[in-house]
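Notes for the one structure printed next.
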């Protein structure tokens, strides 16, 4: 049974390789679930992950460090216990139905 997100983590950076490196580091650093990428434009991309708050924080820290070594990371954000309506502003391909 799916459950609401405990935390949502996002890293934004310039270039696919930068975000690919960040994503790899995040997945190796903590027990998080990869939700997907969103192409913002002009080479800027955002990667989204979810998991418990501590795991998402650890993962985004590791991802920002790894991505920053090879490219430019422009933003890192962790939202603990995001409101259910946050799904309305996430890219449609990232939304997973919540079963209660």
Which of (i) 44, 34, 21; (ii) 57, 36, 19; (iii) 41, 27, 17 is the computed Cα extents along the principal axes in Å? It is (iii)
Sorted on mean Cβ neighbours within 10 Å (highest first), peptides 44-54, 9-19 come out as 9-19, 44-54
Tilt, helix 53-70 to longest principal axis of the chain (alpha-carbon atoms), in degrees rounded to tens, equals 20
Listed with the fewest Cβ neighbours within 10 Å leading, 8, 94 appear as 94, 8
If one compares the long axis through the Cα atoms of helix 16-29 with the longest principal axis of the Cα atoms of the chain, the angle in degrees, nearest 10, works out at 60
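Every number here is computed from the coordinates shown, using simple stated rules; none is lab data. What you see is a predicted model, and the numbers here were worked out from it, not measured in a lab. No Cβ is skipped: glycine too gets one built from the backbone with ideal geometry, and neighbour counts run over all protein chains shown.
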